[in-house]
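Nothing in this text is a laboratory measurement; each read-out follows from the coordinates by a stated rule. On a predicted model such as this, the values are computed, not experimentally measured, just so you know. Cβ: placed from backbone, ideal geometry, glycine included. Neighbour counts: every protein chain shown.
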Amino acid sequence: MEAPPVTMMPVTGGTINMMEYLLQGSVLDHSLESLIHRLRGLCDNMEPETFLDHEMVFLLKGQQASPFVLRARRSMDRGGAPWHLRYLGQPEMGDKNRHALVRNCVDIATSENLTDFLMEMGFRMDHEFVAKGHLFRKGIMKIMVYKIFRILVPGNTDSTEALSLSYLVELSVVAPAGQDMVSDDMRNFAEQLKPLVHLEKIDPKRLM
Amino acid sequence: VQREEKQLEASLDALLSQVADLKNSLGSFIYKLENEYDRLTWPSVLDSFALLSGQLNTLNKVLKHEKTPLFRNQVIIPLVLSPDRDEDLMRQTEGRVPVFSHEVVPDHLRTKPDPEVEEQEKQLTTDAARIGADAAQKQIQSLNKMCSNLLEKISKEERESESGGLRPNKQTFNPADTNALVAAVAFGKGLSNWRPSGSSGPGQPGQPGAGPILAGASGLQQVQMAGAPSQQQPLLSGVQMAQAGQTGKMPSGIKTNIKSASMHPYQR
């Protein structure tokens, strides 16, 4: 059920295929403040935005070997905000000149009965976590600095435990397919965060 | 002779411009010291010194240039001394020397150093001659060695501080943590996707039951409860294999289960 690489498909109509360009890194807890200060200086001027989200990852096992993965995310500190459903495709590898990880991305806002709907469709929850952190923007780039908390009792988002002593730092851009200069802008921005954080393209398959 | 004259002229011009530059930078440095002394920072003073030293260097280079004739061979003789104001001279010296007279000439055309300076120089040369060639050579060598040692130390410090080696405890990120976090977000490694034995729950992953996270020097490590794996958890064993491989604490019971498990970690 995996879609073929998006850039090979003709645009025949319907929605534009959006790609997510991603660079990831991490920062230790004690250096978080310096990173936040630097980001506040580098990014667009706005009130520092924090978020507390609960993300659940659902799998649909089909006849094929690899299951279909959907991510459902809800905000725990903003009441009334819609749920966010996201599909992320396989990262397009092979182009060494591209500085960021690129994958197909579909984002949908949904109502609150998303989990029931997915269960009815046959999806089963594979794992979940709580993400708590800060959000910055620079133009179309989005920078998230957040800590991942493991949920000890399934469904109970109060009993959580931090996964590590670091914050995950993600620099992402969602743009239409084919705009590779985006990755150059991202790389230039990532340069400005060195040596505090090393943002790089990390292939998740390498970490399996 | 024509060529020599031209050379002389050209080198004189070069010398003049160099000296003018030097004078300007000296002037601005003095101004800075006199007027901005309360705001002056050491790097700014260093900058001025560096500028002066650079200019002196180029001046030396100009003098040593092969096209520069030996000025030593030239003699300057005053032809006419008059106590009257000389406008030309004023213009050329930017108003500093108004009169080419008997008082001005000895100072400006002097080639011998001051008597005190001459005394000191004579003293130094007699001292140097007294030491003897060998001892002098040894002293020169030891001075060179000390200078090179110092230079090496300074460059080493600079290199080390750039690479952050001087402050190992100030590392701001941990690559192992990065990998662990990326794996957690990408496919749930380390999150609630495996369960210990005995837990049930149709379709819902159970709690991990792992102990507290030990953050060792290498970053993230997980202490696993080595419970006897339950019968139908290929998911559990598959993932535990990956995690246990990371820590090297694989209990023997799990090995047997892996053989019976299906290949794919995600099947229920």
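Counted by neighbouring Cβ atoms within 10 Å, the residues A:R71, A:R150 run from fewest to most as A:R71, A:R150.
Using every Cα-Cα pair within region A:72-171, state what percent have a distance larger than 19 Å. Walk me through the numbers before you get to the answer.
Working: 2903 of 4950 pairs.
When all Cα pairs of region A:72-171 are counted, 59 percent exceed 19 Å.
What per residue convex hull volume, in Å³, do the alpha-carbon atoms of region A:26-110 yield?
Working: hull volume 15.4 nm³, N = 85.
In region A:26-110, the Cα convex hull volume per residue is 181 Å³.
Cβ-to-Cβ counts within 10 Å put A:Y21, A:Y146, B:Y31 in ascending order as B:Y31, A:Y146, A:Y21, the fewest first.
Please work out the Kirkwood hydrodynamic radius for region A:16-193, using every pair of different C-alpha atoms, and report it in angstroms with one decimal place. Radius from the Kirkwood sum: 17.7 Å. Mind scanning B:K6/B:K61; A:K194/B:K145; A:K142/A:K201; B:K23/B:K64; B:K32/B:K112; B:K32/B:K153 and naming the pairs with a C-alpha gap bigger than 27 Å? Pairs exceeding 27 Å: A:K194/B:K145; B:K32/B:K112; B:K32/B:K153.
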